[in-house]
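The values are calculated or read from the model by the stated rules, or taken from the named source; none is laboratory data. A quick note: this is a predicted structure, and the numbers were derived from the prediction, not measured. We work out accessible area using only protein heavy atoms, side chains counted, and drop any ligands, DNA or RNA first. Shrake-Rupley method; radii C 1.70, N 1.55, O 1.52, S 1.80 Å.
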Amino acid sequence: MFISNFGSGKMVLLLPLLFAIYFLPSIIAVLLNREHKGKIMAANIPAGISWIVWFGILAWAISGRDKVKF
């Protein structure tokens, strides 16, 4: 197996990177203060099953409207 070739030190470095990539749409939505960031975050959890859905949510996070600040 591919993962069995990694030592524990490399896995400690690899897991945060994988989580950051997996939750990239949520991270972008929060950083850009998108109006529907809660919905993007909720949709991001099961979206990793399908790359097509994941890219759709990523596009939504990038192109969404900013939240209005009062």
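Hand me the tally of lysine pairs in the chain: alpha carbons under 29 angstrom apart, and the pair either on different chains or 8 or more positions apart.
Lysine pairs meeting both conditions in the chain amount to 4.
What accessible area per residue, rounded to a whole number of Å², is obtained for the chain using a probe radius of 1.4 Å?
Dividing the accessible area of the chain by its residue count gives 77 Å².
Using Cα pairs under 8 angstrom and six or more residues apart, how large is the relative contact order of the chain, in percent?
Answer for the chain is 34 percent.
For the stretch 36-52, take each phi angle, set θ = phi - 60°, evaluate the Karplus expression 6.51 cos²θ - 1.76 cosθ + 1.60, and give the result in whole Hz per residue in order, putting x for glycine and proline.
Whole-Hz 3J(HN,Hα) from phi for the stretch 36-52: 9, 5, x, 5, 5, 5, 5, 6, 6, 4, x, 5, x, 5, 10, 5, 5.
Can you tell me the Rg and Dmax of the chain, counting just the alpha carbons, in angstroms?
That works out to 14.9, 53 Å for Rg and Dmax.
Please find, in a Gaussian network model of the chain (springs between Cα atoms separated by less than 10 Å), the residue of VAL30, VAL12, VAL53 whose mean-square fluctuation is greatest.
VAL12
Just to check I understand the Karplus step: with θ = phi - 60° and J = 6.51 cos²θ - 1.76 cosθ + 1.60, what whole-Hz values come out for the stretch 20-25, glycine and proline as x?
5, 5, 4, 9, 4, x
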